[in-house]
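Below is one structure, written out as structure tokens, with a few remarks after it.
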Amino acid sequence: MSVPFTSAAVLGAGTMGAQIAAHLSNAGVAVTLLDVSRDAAAQGLKRLKTLKPDPCFEPASLSRITTGSFTEDAARLRNADWIIEAVVESLDVKRALLASLAGHISPAAILSSNTSGIPLGSIASGLPAELQPRWLGTHFFNPPRYLHLLELIPTPQTSPQTLARVREFADHRLGKGVVVAKDTPGFIANRIGMFAAARALELVASGEFTIEELDAITGPIIGRPKSATFRTMDIAGVDIVLKVASDLAARLSATGGNGRDYDLPPLVAQMVERGMLGEKSGRGFYQRVKGSDGASAILALDPQTLEYRPQKPPALPSLQAAATKDSAAERLRLLFLGRDRVGDALRRTLGPTLRYAARIANDIAHAPADIDLAMRWGFGWELGPFESIDAIGRKDFLESCGVSDPPALISAAAPAIARSAIEKRVVKRNAGASLVDMGDNVLCVEFHSKLNTIGGDIVEMIVAGVQEASKNFAGLVVGNDAEHFSAGANLMLVLLEAQEGNWDEIDLMVRGFQRATMALKYSPVPVVVAPAGLALGGGCEISLHGGRVRAHAETYMGLVEVGVGLLPAGGGTKEMLLRAPTVQDAFETIGFAKVSTSAADARRIGYLRDEDNVTMNRDRLLEDAKRDVITMAEAGYQPPPAATQIPVGGPDAFAMLSLGVHLAHRAGRISDHDAMIGRLIARILTGGNIAHRSTVTEQQLLDLERESFLKLCGERKTLERMSYTLKTGKTLRN
């Protein structure tokens, strides 16, 4: 790897510049954030603390950012390895600022602009010749912490070393999906995404489809985000949509392109004139209102009258039919080729977009696959344009759109791109999990149930994985390519058994899960657990028992069992006692069902240890976990010694914890059932019914966990909580 950036400067402390600074600080980089005045920069840093979603992994990230002004603190730029200009989208403003600061830039530093569409060659025209090889575009997508895409735009003068260094750092340290774009208006993602938005706006402006109908058609059913089309525009800002489209139209027209592709219907300008800007103004294509009863409701815009009305549930039967298909590719093909209103809408919006992507592919990107990646990473499309064409079938696509077969459409088609480059061979499989040979003598337990919830099949495969790895492999990874590592135990199974009073079955389930987590902990070969996304309840407990954890930076880990009226019984309560600074800390972590907001936050809470590792790029997680296993095996891995002398506080510690429960209950902060659960957690953490402060074994703590879990399964209020969560996805505090 090339020398990483250890320091950076961001020019412009507006919302985007400040968030770029925050994400650089998330990666451990010391950042100087400059603006027109020291106060403006300080205010930009201060605003970061109020933004939702949070741009920082943890509050400590902000300590790596210092502020200053362009004039008074320009000399500090000489200490920066990478300088990112992120001021207002104006060619004149960018040129003037860079010209004034060029003399302060180190001879080894890289300079980039976070423009979303201004030609990089135009911005750089006034830069000194010696800076030109170290100049490029770095288009972060908003918000930079959460959106995976980073478009890099080199100019003909940009050196290969500059491009390679930024690309490598952005990939490995910033966790970005990097795509190299050509220096054309809108680059890749915005060029195609805005074209698609324009087609959708034309259709609703015509009055033939409602906003709710098009959002239903262009949402998760075809592999797009829940925000679909119009909710996404509300989030981005209707004024921003208008500005980006107008800029694209002007720049394309000026360079000989067809700017009229980006002419939006008058509806959009009228909305902006009336202050209907989307989420930031409280109304856009949707408006959230409160009724007389205090309940909130979301109204939808009538494009013909510009008035809001109650939402009309779309009456589109083919959407329900398509929902039975497992893959987005199957659903898209079925709907696109359908001879109904849904098919008509897709052929008039998505159809032109896919043809447009094929037509301009060679102008905007170096490979068609880069266009697919840009749309997946930047706009959350499950299938990029060319993957969509392949899903529909090229011949059927062209025939349904009534066009001939252009060569570009055939040559541009690209295969689906896998998240991980690791070659995998299935060794064993059941309904919930697989044992997969990752190569290099490393085995993987890969979950594949819905939300990777943990049932008997996954438990069985974990135990089998440890046994197989111990005999025939150097070590084991527990991880998967799904969005979420695991949402926890299969709650439905627990609820059904509890409702039937099958206590022996529940006892066996808990014993089996405890056996699996302890097998992970005491495996004779190294086990690396690789969580990403949600790692809740049982998913967290599996992570707690790995010899090492390799977590994705965006891992939301927590022991959340209290929310469904239970407590951690797969060794989670025991592990928190072993690793928390005090029994009070362990009690609060479990009792408050703390969930980390990032991997860094999970380390602060105690779910991750100092020796556990973090990967910034989700696409590299399993590869990094595999490398950890190899490193641990080569170092002569030895499992930890059995924990047979665990100190517990006995009655005195139990009384202390119980007093806290009593006071919280008396103050009305927790319910009767919460208090009961709290006392059970306290009983486990203090050793159960022992006469005085003493030591216990892990097995004794596991037994206490299991007994308390069974007791709670027999409580009516626990069953109510489980049932409510399964129905609503929310927690009930009864």
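Residue count for segment 302-342 under the criterion of being in contact with a strand residue (DSSP E or B) (Cβ under 8 Å, 6 or more places away or on another chain) and hydrophobic (A, V, I, L, M, F, W, C): the result is 0.
Of all residue pairs spaced 6 or more apart or on separate chains, those with beta-carbon atoms under 9 Å, a first member in segment 583-611 that is over 27 Å from Ser694 (Cβ atoms) and surrounded by fewer than 21 Cβ atoms within 10 Å (Cβ to Cβ) and a second member that is of a type in the set (Lys, Arg) and modelled with pLDDT of 95 or more are Arg603/Arg609; Ile605/Lys594; Asp610/Arg603; Glu611/Arg548.
Exactly one residue out of Leu152, Leu136 is over 24 Å from the mean Cα position of the chain (by Cα), surrounded by 18 or more Cβ atoms within 10 Å (Cβ to Cβ), modelled with pLDDT of 95 or more and among the aliphatic types (A, V, I, L, M), and it is Leu136. None of Gly660, Gly668, Gly714 is touching a Phe, Trp or Tyr at 6+ places or on another chain (Cβ under 9 Å), more than 18 Å from Ala593 (Cβ to Cβ) and surrounded by fewer than 18 Cβ atoms within 10 Å (Cβ to Cβ) except Gly714. Is at least one residue of segment 274-285 at positive phi and assigned to a strand (DSSP E or B)? So far as segment 274-285 goes, yes, one or more of its residues are at positive phi and assigned to a strand (DSSP E or B).
Hey, any hits in segment 24-44 for a residue that's in the same structural domain as Ser159 (by TED's automatic domain parsing), small (Gly, Ala, Ser), more than 17 Å from Pro143 (Cα to Cα) and modelled with pLDDT under 95? Looking for residues that are in the same structural domain as Ser159 (by TED's automatic domain parsing), small (Gly, Ala, Ser), more than 17 Å from Pro143 (Cα to Cα) and modelled with pLDDT under 95, one finds none in segment 24-44, hence no. Counting only helices (runs of 4 or more DSSP H) that sit wholly inside segment 560-615, those with at least 3 residues that are in contact with a Leu (Cβ under 7 Å, 6 or more places away or on another chain) are 572-579, 583-591. Any residue that is in contact with a helix residue (DSSP H, G or I) (Cβ under 6 Å, 6 or more places away or on another chain) and either more than 23 Å from Asn26 (Cβ to Cβ) or surrounded by 20 or more Cβ atoms within 10 Å (Cβ to Cβ) (or both) - is there at least one of those in segment 167-175? The answer is no, given that none of the residues of segment 167-175 is in contact with a helix residue (DSSP H, G or I) (Cβ under 6 Å, 6 or more places away or on another chain) and either more than 23 Å from Asn26 (Cβ to Cβ) or surrounded by 20 or more Cβ atoms within 10 Å (Cβ to Cβ) (or both). So which of Arg733, Arg706 ends up being charged (D, E, K, R) and at pLDDT 95 or above? Sole residue among the options that is charged (D, E, K, R) and at pLDDT 95 or above: Arg706.
The residues on offer are Ala653, Ala643, and the sole one that is touching a residue at least 12 places away in the same chain (Cβ under 8 Å) and not in a helix (DSSP H, G or I) is Ala643.
Inside segment 244-265, residues that are in contact (Cβ under 8 Å) with a residue 24 or more places away in the chain and either part of a helix (DSSP H, G or I) or aliphatic (A, V, I, L, M) (or both) make up a count of 9.
When the test is whether a residue is within 18 Å of Val29 (Cβ to Cβ), without any contact (Cβ under 8 Å) to a residue 40 or more places away in the chain, in a helix (DSSP H, G or I) and not acidic (Asp, Glu), Arg78 passes it. Filtered by the rule that a residue be surrounded by fewer than 24 Cβ atoms within 10 Å (Cβ to Cβ), within 13 Å of Gly455 (Cβ to Cβ) and either small (Gly, Ala, Ser) or under 26 Å from the mean Cα position of the chain (by Cα) (or both), segment 493-523 gives a lone residue, Gly512.
Within segment 327-337, does at least one residue satisfy the condition of being over 29 Å from Phe187 (Cβ atoms), modelled with pLDDT under 95 and not in a loop (DSSP other than H, G, I, E, B)? No. Among all residue pairs at least 6 apart or on different chains, which show Cβ distances below 6 Å where the first residue, located in segment 92-110, is in a loop (DSSP other than H, G, I, E, B) and the second is of a type in the set (Lys, Arg)? Final answer for the pair search is Ser106/Arg78.
In the set Phe195, Phe140, only one residue is within 21 Å of Val244 (Cα to Cα), in the same structural domain as Gly380 (by TED's automatic domain parsing) and in contact (Cβ under 8 Å) with a residue 40 or more places away in the chain; that residue is Phe195. Of the listed requirements (1) over 32 Å from the mean Cα position of the chain (by Cα); (2) surrounded by fewer than 18 Cβ atoms within 10 Å (Cβ to Cβ); (3) touching a residue at least 40 places away in the same chain (Cβ under 8 Å), Gly14 misses just one: (1).
Among residues that are polar (S, T, N, Q), out of contact with any Phe, Trp or Tyr (no Cβ under 7 Å at 6 or more places or on another chain) and closer than 20 Å to Glu213 by Cβ, Gln311 is included.
When segment 163-175 is filtered for residues that are of a type in the set (D, E, K, R) and under 20 Å from Arg618 (Cβ atoms), the ones remaining, listed by number, are Arg167, Glu168, Asp171, Arg173. Against the definition (over 25 Å from Asp601 (Cα atoms) and either of a type in the set (A, V, I, L, M) or buried (at least 17 other Cβ atoms within 10 Å of the Cβ) (or both)), how does Val31 come out, yes or no? So Val31 fails the test.
Considering only segment 569-578, I want to know if a residue exists there that is surrounded by fewer than 17 Cβ atoms within 10 Å (Cβ to Cβ), of a type outside the set (Gly, Ala, Ser), within 33 Å of the chain's Cα centre (by Cα) and not assigned by TED's automatic domain parsing to the domain that holds Asn26. There is at least one residue in segment 569-578 that is surrounded by fewer than 17 Cβ atoms within 10 Å (Cβ to Cβ), of a type outside the set (Gly, Ala, Ser), within 33 Å of the chain's Cα centre (by Cα) and not assigned by TED's automatic domain parsing to the domain that holds Asn26. Of all residues in segment 1-19, those satisfying the criterion of being touching a Gly at 6+ places or on another chain (Cβ under 9 Å) and in a helix (DSSP H, G or I) are Thr15, Gly17, Ala18.
Residues being within 16 Å of Arg618 (Cα to Cα) and either surrounded by fewer than 17 Cβ atoms within 10 Å (Cβ to Cβ) or at pLDDT below 95 (or both): count how many of those fall in segment 176-196. Residues meeting the conditions: 0. Being modelled with pLDDT of 95 or more, crowded, with 17+ Cβ neighbours inside 10 Å and in contact with a strand residue (DSSP E or B) (Cβ under 6 Å, 6 or more places away or on another chain) is true of Leu373.
The values are calculated or read from the model by the stated rules, or taken from the named source; none is laboratory data. The structure displayed is predicted, hence computed values, not measured ones. Using ideal geometry, Cβ is built from the backbone for each residue, glycine included, and neighbour counts are taken over all protein chains shown.
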